[in-house]
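Q: Quick one: the structure is below, questions incoming.
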Amino acid sequence: MDFDYSKLDYRKARLGDLKALPAIARELKISGTDRQIQKRLRRMILRPTYKIYVLTYDEDEVIALAMFRESHYIASDIPGIQVLGVAVSPEHQGHGAASSFMGLLAQEAVKREYSQLWFWTQVDTLVEFYEGLGFERSGHRFVMAFPKPENLSLRRRLVRRLGV
C-alpha cells in the first residue's frame, strides 16, 4: 500500500473508536479479551486524568493510539507529559505513524508549556527509534526536554510531515 501522509489526522479518542482499539492495544502488550480491553480503554477515555488520542487514515480508519497523562517527572516539580503508550496497527507499521504521533505529543507538551515529554519502557529493541527522535535514555526511562533547539526542530519536522 502506498502511504499518503496527507490522509493522516489525529484527534481525541471517542467511544465509537473502541471497536478498533483492542487489536492496536495488543501491540502495547495489553492482554485480555476485546471486551476487557475495551472496558479499560473506555474508562480511560471518560477520565479527565488520562488522554487517548487516535491517528486516523483517510478520515475514519483508526491506525494508531497514544495514551498519555499530564504528570510531574519522577519526584520533581517538573511538569510534563508522561507517555503511557504509543501503538500502531501491524498493517500500518513502518510508515512513520509512530514518529508522527510522538511529534504530535511533543507539540502538545510545548503548546502546554511543559518542559518534558517522558516515558518508561521495558523494550530495548526500540532504543534506536527513541534516540533517533531526540529522546535521551536514563535506565528504562526516555526523556525529551524542552526547549532544546534540536528537539523543537524535530517536533516541527514531524508535525510538518503530518501537515497539522
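Q: Could you tally the net charge around Tyr53, taking each other residue with its Cβ under 13 Å from the Cβ of Tyr53, Lys/Arg +1 and Asp/Glu -1?
A: Charge balance in the 13 Å sphere: +2.
Q: Another question about this same structure. Work out how much length Trp120 to Arg43 would gain on full extension: take 0.36 nm times their residue separation and subtract the Cα-Cα distance, in nm to one decimal.
A: 25.5 nm
Q: Moving on. Once you've got the Cα coordinates, tell me which of Lys7/Lys111; Lys51/Lys111; Lys29/Lys111 are over 26 Å apart.
A: Check vs 26 Å cut-off fails for Lys29/Lys111.
Coordinate-derived values only; no laboratory data. All values reported here derive from a predicted model rather than from experimental measurement. Every residue, glycine as well, gets a Cβ built from its backbone with ideal geometry; the counts of neighbours run over all protein chains shown.
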